[in-house]
Structures are given as C-alpha cells and as structure tokens.
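Below is one structure, written out as structure tokens, with a few remarks after it.
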Ligand SMILES: [Ca+2]
Ligand SMILES: [Ca+2]
Ligand SMILES: [Ca+2]
C-alpha cells in the first residue's frame, strides 16, 4: 500500500477532495454543476481523444441493460456532445461490486502529447445521484507498457445529495489539472476506471466498503452501486510555454522567443536553491520583427539566472 497524501481544496462553495501519490506534483480539481448553462466550459470537439473509441479493459462491466443504442456507448464519451435523445447516454452498469470499477477503458493517443487537463461531464435528466462521478486516471508514456500511479477523483464529498428537491443538478463537470505543469508528459495512452457513485437515494458515496485505498479514509457509507451517465471525457493538450534563447550581444544578453510579447516580463534570480525570482526593474524594452520578440538584458557581474514570465 502506498502512502497517499491528502490534498484538499475548496471551490464553488463545495469541498472537493483529491488524493495524490507523493511522487506526483499537485493535482488540482475544479468542479461545477447545475445546468449546462452554469458550466464554465462545455464539450470540446478538438481534444486529444475526440472521436477515438476506447478499448475496454479486463474487469469492464459493460453497460446498463437499458442502453441499447450504439451511439450511447463508447462513441458517446468522445463525440463532443452531451446527452443524446435516448436520455441514457453513457449510462454505466450498476452493481459492479464493492471496490470494483464499472467501466475500465484505455485510449491510445494518435501521437505522444503533453496532457494539460482532463474534463469529465456526467449528468442525468432525472437529476439524481447519477450526476456525480468518481474515477481514476493513469498515464503511459511508453506505449502502454507501464502506467503512472492513479489519480483519484471524486466529484463531490461523500454524503452530498442530489435529488429534484435537493440541489437539483442535471450535470456535473470536473476539471483536473496540475499546478506544476502538465498532468503527463508525452503521454501515449490514458486509462480511466469509472466507479459507481450513488445508493439510489441521490447520495454520493465512495465505491468502497470500509477503507478507500486511494484516500486512506472510510467515508462511513456502504459502497456506491448506482453508476453515472458519462456524457463526455475531454483530454486536453497542455500548451507549452515558448522556448527562450539567449545570445550575447556586446555587454548585453539578447533574449528572444516566438510568441506573444504582451504581458511578458523578464525575471532574474541570483540562485536556484532556493530561487528568488524578481521582475527586472526597469524591464528591458521588447522589440519584435513580427515573429520573434527580443529583449536586451545588461550582463552584470556574478552568476545569475533569467526567465520569461507572462
Ligand atoms: Ca471531446
Ligand atoms: Ca464507503
Ligand atoms: Ca459525448
């Protein structure tokens, strides 16, 4: 059993819990819910897994027997749309068994990519506990041979209620990012395990009886056995900061980069252990030839480090 470090943040008035393995940086979760119009973003149709059909992994529990349309199954996760006319889009199977995922899927990316954000949309026209979601995600950068430790995401704290009388949410969106940079570098494969979330009473609970091995805690509730409707999974590429190059020009260092100049500032620190980044004051003027921006920084005595911030 690995030691897990709890990481807590509070967003939109709801306490959201994330747990991370110590080797990871700092995953961060933002959750929003209500009507689709209340969400900060909707379904992306240009993300890294758009249009891809997942491979179902051993242990996958199929679909809720009510789901009969092919377009409500795997294609629904990546079609860039929300719930379809059937009202059953992405409905996972119930009763996967305590501690077991309902759906186990893997995406093979078209090309290795840095992953910046994962968005999961779940919902139900019935506005019940099926709007919640709990999943783990793992990344491979070696063609699916090895994977990172799973990141556990539970959209709402156990005990949260959603019924037509309480909260009345139709859709939930979670946005997983990492405060230190991309969630994964040069990922080739992404695996998700989706779990049950509810007890038929509209009450969020974790999928475990007793200790939750991801959180190291017991939420005091029996395992969820009612599964969500997964309307969309968006895996978004990380945006890479522009590369900075440096050339000596007389007593100056010419720093140049391709990209925006607006909001750019040069910072310096005398040491990297620990760094003490401060904006140069005054800031050097930035010139541009239309493509490349250049800032001339006077070379001073001693050792120092420079960086570009936006
Ligand atoms: Ca998509
Ligand atoms: Ca439990
Ligand atoms: Ca969809």
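Please treat every number below as a calculation from the coordinates, not as lab data. Here the structure is a predicted model, which means the values were calculated and not measured. Positions of Cβ are generated from backbone atoms using ideal geometry, with glycine treated the same way; all protein chains shown enter the neighbour counts.
Using a cut-off of under 15 Å, list every residue of the stretch 257-274 whose amide N is near the label point 7 Å from the Cα of residue 292 along the Cα-to-beta-carbon line.
257-260
Could you run the Debye sum over the Cα atoms of the stretch 69-130, one equal point scatterer each and no solvent, and tell me log10 of I(q)/I(0) at q = 0.13, 0.15, 0.16 Å⁻¹, two decimals?
-0.46, -0.61, -0.69
Calculate the FRET efficiency for residue 110 and residue 146 from the Cβ-Cβ distance with a Förster distance of 35 Å, rounded to the nearest 0.05.
Numbers: r = 20 Å, r/R0 = 0.58.
My answer for the efficiency is 0.95.
Take the chain, connect every pair of alpha-carbon atoms lying under 10 Å apart with a spring to form a Gaussian network, then pick out the residue of 248, 130, 170 with the largest mean-square fluctuation.
248
Which residue fluctuates most in the GNM of the chain (Cα springs below 10 Å): 47, 279, 234?
279
Once you have a ≥ b ≥ c as the square roots of the Cα gyration tensor eigenvalues for the stretch 204-264, tell me rounded if a/c is under 1.5, and otherwise prolate or oblate according to whether a/b is larger than b/c. Show your work: numbers first, answer last.
On the way: a/c = 6.41, a/b = 3.12, b/c = 2.05.
It comes out prolate by the Cα gyration axes.
Using all Cα-Cα distances in the stretch 245-309, what percent lands in each 10 angstrom bin from 0 up to the longest?
Binned Cα distances yield the sequence 20, 55, 23, 2.
Determine, for 156, 64, 133, the number of other Cβ atoms within 10 Å of each Cβ, and report the residues in order from fewest to most. Spell out each step's value before the answer.
Values: 156 25, 64 20, 133 28.
Fewest-to-most Cβ neighbours within 10 Å comes out as 64, 156, 133.
Which number do you get for Rg(Cα) / (2.2 N^0.38 Å) in the chain?
Details: Rg = 22.9 Å, N = 310, 2.2 N^0.38 = 19.5 Å.
Scaled against compact globular proteins, the figure is 1.18.
Say R0 is 22 Å: what FRET efficiency, to the nearest 0.05, do residue 199 and residue 36 get from their beta-carbon distance?
Numbers: r = 26 Å, r/R0 = 1.16.
Calculated value: 0.30.
Helix-only estimate, please: 222 nm mean residue ellipticity of the chain, summing -39500 (n - 2.57) across DSSP H runs of length 4 or more and dividing by its residues, to the nearest 500. Let's see the in-between values first.
Details: 1 runs with 4 residues, N = 310.
Rounded to the nearest 500, it is 0 deg cm²/dmol.
Gaussian network model of the chain, Cα springs within a sub-10 Å range: biggest mean-square fluctuation belongs to which of 266, 118, 233?
Top of the fluctuation ranking is 266.
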